[in-house]
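FYI, it's all coordinate maths here, none of it is from the lab. What you see is a predicted model, and the numbers here were worked out from it, not measured in a lab. Positions of Cβ are backbone-derived with ideal geometry, glycine not excepted, and every protein chain shown enters the neighbour counts.
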Amino acid sequence: MQRVAQDWLVLSLPGGGGTAVGITTAMQFLPLLLFGMYGGVLADRFPKRKLLMVTQAVMGLLALILGVLVVTGSAQVWHVYVLAFGLGATTVLDNPTRQTFAVEMVGPNDLSNAVALNSATFNLGRILGPAVAGTLIAFVGTGTVFLLNALSFVAVLTSLKLMNPRELRTVTPVPRAKGQLREGLRYIAGRRDLSLLLVLIAFVATFGMNSQITNALMSKQVFDSGAEAFGLASTAIALGAVIGALLSARRGHPRQKLLLTAAIVFSALDVAAGLSPWYWLFLVLLVPTGITMMTLNNTANATMQLSVAPEIRGRVMSVYLVVFMGGNPIGAPAIGWISETFGARWSLIGGGLISVTAAIAVAITLSRVRGVTVRPRFRPRPHLQVLPAREG
């Protein structure tokens with residue numbers, strides 16, 4: 001909700017536009033790109049439940065400040081930039097902690113399904129939020145959306161507080177030591193399967209997964225509609241995301257073939273949506289786009305979490321999240337510039353073409369190295385367990 005309301009607010013403020021929307025997104029994800037890996041180090045080093053209570057409280061406060069500024073008519077574009085940066089700085093620690101905390105709530109036998117459900121919830125929130133926000137913007141305005149978002153953090157903090165720490169399957173925090181970040185990077189570098197997965201996610205997430213921006217641009221500039229059309233477009237992709245989330249939760253261990261197929265089909269659907277001559281066809285195409293996007297996100301997330309040792313999971317997931325979300329400072333301004341230079345349609349077409357090219361290249365590379373034994377190019381510390389790569 002916060003993301004979409006920010007974008008719509010910037011489009012409505014003096015000095016706003018496609019480039020300003022891109023800058024806002026970049027400000028929110030720039031801290032993740034610069035410092036995201038250190039968040040994983042801290043997630044492995046401290047109790048995750050306590051860290052989450054701090055980060056969630058700060059996020060709620062930032063939403064409250066922006067809501068008050070909008071409701072009182074004091075909001076300016078630079079206010080949005082500063083608060084977006086603050087939110088991004090908080091997510092540097094929140095993201096890897098939240099991702100890995102879900103695993104502590106279940107035993108090892110339910111680990112695979114827990115990761116799928118956690119990933120589905122995380123990505124479903126990223127899709128359902130725009131759908132709800134688009135509708136609320138049309139009826140109550142952006143300021144109220146920010147205030148409602150701030151209120152929602154009360155439920156999050158209450159849930160964390162009510163948890164019984166004795167019932168959690170907590171992982172022993174990793175003692176502070178030099179080189180822990182480098183250790184995580186060497187671990188990933190020694191796993192060819194994980195390295196290629198990160199390359200794929202880097203291109204698709206940076207250039208293909210910009211639905212908050214592209215839906216707003218297509219609704220307003222191509223189909224000449226308002227917030228209602230934007231909300232309907234977000235609802236269409238949310239419907240696909242719900243279907244994709246339910247399908248992902250029913251699967252067992254993630255499969256490489258499914259991941260690559262979802263990446264290629266998702267990218268092709270981006271191109272098709274950008275070429276759509278009618279608004280109704282654009283909405284129809286957004287449903288399978290949501291399905292394949294959720295399938296790709298969940299499969300990639302589960303693959304990263306299930307194939308590494310618990311003691312290093314925070315650092316590995318921080319790298320994954322930097323790649324998955326940290327590319328926005330590059331992709332968002334690029335998409336905004338493309339839309340203003342070549343038209344809003346090319347924000348989808350261009351991103352889809354880049355994504356599908358990367359997906360095909362990674363698929364070809366993986367097919368050539370399949371069957372090759374992958375060994376880490378470093379000697380792990382005694383507390384680390386190197387899990388073998390899974391094919392398929």
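Just a few scattered comments:
- Each Cα pair under 8 Å and six or more residues apart adds its separation to the average, and for the stretch 81-207 the resulting relative contact order is 26 percent.
- Secondary-structure-derived ellipticity at 222 nm for the chain, considering helices only, amounts to -26500 deg cm²/dmol, per-run term -39500 (n - 2.57) for DSSP H runs with n ≥ 4.
- Overall form of the stretch 117-232 per C-alpha gyration tensor (a/c, 1.5; a/b vs b/c): oblate
- Two-site FRET efficiency, Asn113 against Ile243, from Cβ-Cβ distance with R₀ of 22 Å, rounded to 0.05: 0.75
- Global form of the stretch 242-351, assessed from the alpha-carbon gyration tensor, a/c cut-off 1.5: oblate
- By average C-beta atoms within 10 angstrom, highest first, the peptides 159-167, 297-305, 192-200: 297-305, 192-200, 159-167
- The H on the amide N of Val106, modeled in the peptide plane, is under 5 Å from the matching H of Arg169, each at least 5 residues off or on a different chain.
- Charged neighbours of Gln221, selected by a Cβ distance under 11 Å, balance to 0 (K, R count +1; D, E count -1).
- Cα-centred dipole magnitude for the chain, charges only on beta-carbon of K, R (+1) and D, E (-1), debye, nearest 20: 1720
- The stretch 230-280 and the stretch 124-146: distance between their alpha carbon centers, rounded to Å: 21
- Residues in the stretch 184-217 that a label on Leu258 would reach, taking backbone N under 13 Å of a point 7 Å out along Cα→Cβ: none
- Distance (nanometres) between label positions extended 7 Å along Cα→Cβ at Ser159 and Val54: 2.2
- Contour minus Cα-Cα distance for Phe139 and Ile360 (0.36 nm per residue): 75.3 nm
- Label-point separation in nm, Arg250 to Ser152, each point 7 Å along Cα→Cβ: 2.7
- Cleavage-rule hits (chymotrypsin sites (Phe, Trp or Tyr not before Pro)) in the stretch 253-286: DSSP loop, at most 16 neighbouring Cβ within 10 angstrom: Trp278
- With 0.36 nm allotted per residue and the present C-alpha distance subtracted, the Thr19-Val199 stretch has 62.2 nm of extension available.
- Tensor-based shape of the chain (alpha-carbon gyration tensor, a/c under 1.5 rounded, otherwise prolate or oblate): oblate
- R0 of 35 Å, Cβ-Cβ distance Arg182-Trp278: FRET efficiency to nearest 0.05: 0.10
- For the stretch 159-205 versus the stretch 1-48, the spacing of their alpha-carbon centroids is 21 Å.
- Rounded FRET efficiency, nearest 0.05, which uses the C-beta distance separating Glu340 from Leu61 and R0 of 41 Å: 0.75
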